[in-house]
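Report on one structure; see the data block that follows.
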Amino acid sequence: MGPKSLAFRLFASAAAWTLVVIPIAAILLISLYRQAVERNFDARLSVYMTSLVAASTPESGDSPQEPANLGDPIFAIPFSGWYWQIKPLEGAKRPLYISDSLLDQQLDLPSQDGISPDDTLTRRSYAPGPDDQNLRIVEREIRPGGDDSEAYSYAVAGDAAEIDADLAEFTTMLILALAVLGLGLVAATFFQVRFGLLPLRAIRRDLAAIRSGDAESLKGELPDEIKPLQIELNALIQSNRDVVERARTHVGNLAHALKTPLSVISNEARTHESPLSDKVVEQAEIMRTQITHHLDRARVAARSGVIGDVTEVTPVLEALKRTLDRIYGERGVALEVSTGSALKFQGEKQDFEEMAGNLMDNACKWAKGGVAVRAERVRGGETFTVIVDDDGPGLTKAEREQAVKRGQRLDESKPGSGLGLSIVADLAHLYKGRFELEPSPNGGLRARLTLPAA
């Protein structure tokens, strides 16, 4: 799953979205939970506040009386973290009454920090307390003697460490749960992407099978979203075959249309004995050879793009060896063929036979006693080479360069059209391969043909 693949893009986008949403969700849930914990803690403080107000409100008079025990011993333990305090709201430096747990300390009230009261004249805040404690304080404005009497600050404080501990425990559990959820979502996304793109992998396998000649079209049931792709690809493959078939038909018709008049001209010229008739016969044969060469090239150009043409290399080379052994056996030419296993040419059998046959036939013509043919896959596996070595006279560098040019013939002393090597070069070029000539270790010429492998 490379960085440019569709699977990677889908997986990366889903994973990135998960990694963004989960932290945001965690922050939101922690904030909501903290508010809930604070509300519960404030409700607990409010209960103590109600008890404090009830215990300190006199039956008569404008000032509060010293309250009795609020019913919880934590207010009697020094620096327990739980405190209460009654203090005039304005003008007093010291509280009027404090809990035993405060000893000689006093609370830092929300009203002193400028916090505004709510509709119930209650203020809430966090403040430092004795012994470096962090306190949650609830302060309420009370007028024991009525609306016209002096206002007093009633405050109850609790250790906020309980809030922090509860919140820390929740945060730990939430992070673990969301981490497991995130990993699960990422894993599920990975398998979802892999499962969702399986049909595309099936199409890739089917196209490889078509390219290698094992299948002729895309088959099988595919999802509705990919079904049109299957239909269009099958139509494209069939259209390609139809175009090639029409090209073959036109090439055949053209060959017949040209060769028949040439044969008539040659036959008529042979019935007359004159320099003109001999020249006509000679030029007609040259035209026939050139027409054959260029029509073959046109035929291969049409076929080279056909999907699904694959040729086994070993059977073709072995068949050519048997044929050439019968032709050149009387001259004592020993032809040896060695090939790699399972070599396949990505092209038509007839074209490979023509290329390999021309090279092997040319080597046998010029060899003194031996020709070695070797076919092997090139590293990487996308191409293979056919190497033909002979022990003949060889060629100079200039002759090797001329031999692979189109329509060139180096020697007229051997039978044939003399276009074999240039035809090989043309065919190799059409199949996006290479044809090279170089000195052979056996003393003659080495022909190296590189072609696409299936």
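The values are calculated or read from the model by the stated rules, or taken from the named source; none is laboratory data. This structure is a prediction, so every number in the text was calculated from the model and none was measured. Quick reminder, even Gly has a Cβ in these numbers, built from the backbone with ideal geometry, and neighbours come from all protein chains shown. Each accessible area value is taken on the protein alone, full model and side chains, heavy atoms only, with ligands, DNA and RNA left out. Shrake-Rupley method; radii C 1.70, N 1.55, O 1.52, S 1.80 Å.
Counting only residues at least eight positions apart within a chain, or on another chain, the lysines with an alpha carbon under 20 Å from that of Lys219 are Lys227. Taking Cβ atoms as reference points and 14 Å as the exclusive limit, the residues near Arg322 contribute a net charge of -3, counting Lys and Arg as +1 and Asp and Glu as -1.
Taking 24 Å as the limit for the C-alpha separation, the pairs Lys321/Lys344; Lys279/Lys365; Lys365/Lys397 exceed it in the case of Lys279/Lys365.
Hey, any idea what % of the chain's accessible area is carbon plus sulfur with a 1.4 Å probe?
Percent of accessible area from carbon and sulfur atoms in the chain: 56.
Got a sec? Which residues in the range 225-244 would a label at Leu6 touch, if it sits 7 Å along Cα→Cβ and we count backbone N under 17 Å? Residues 225-234 qualify, since their backbone N sits under 17 Å from the label point.
Around Asp166, with a cut-off of 14 angstrom between Cβ atoms, what is the net charge of the other residues, counting Lys and Arg +1 and Asp and Glu -1?
Values: positive: Arg34, Arg39, Arg44, Arg136; negative: Glu38, Asp42, Asp159, Glu162, Asp164, Glu169.
Combined, the nearby Lys, Arg, Asp and Glu give -2.
Ranking Arg123, Arg140 by solvent-accessible area of protein heavy atoms (1.4 Å probe, all protein chains present), from largest to smallest, gives Arg140, Arg123.
Say R0 is 41 Å: what FRET efficiency, to the nearest 0.05, do Arg374 and Ser217 get from their beta-carbon distance? Show your work: numbers first, answer last.
Values: r = 37 Å, r/R0 = 0.89.
It comes to 0.65.
Here the calculated FRET efficiency for Leu176 and Arg246, from their Cβ-Cβ distance with R0 = 56 Å, stands at 0.20, rounded to the nearest 0.05. Considering the range 3-142 at the alpha-carbon level, its Rg and Dmax are found to be 23.1, 85 Å. With all protein chains kept in place, the per residue accessible area of the chain amounts to 56 square angstrom at a probe of 1.4 angstrom.
In 20 Å bins starting at zero, report the fraction of Cα pairs in the chain per bin as a rounded %. In order of increasing distance, the bins hold 17, 25, 15, 11, 13, 14, 6, 1 percent.
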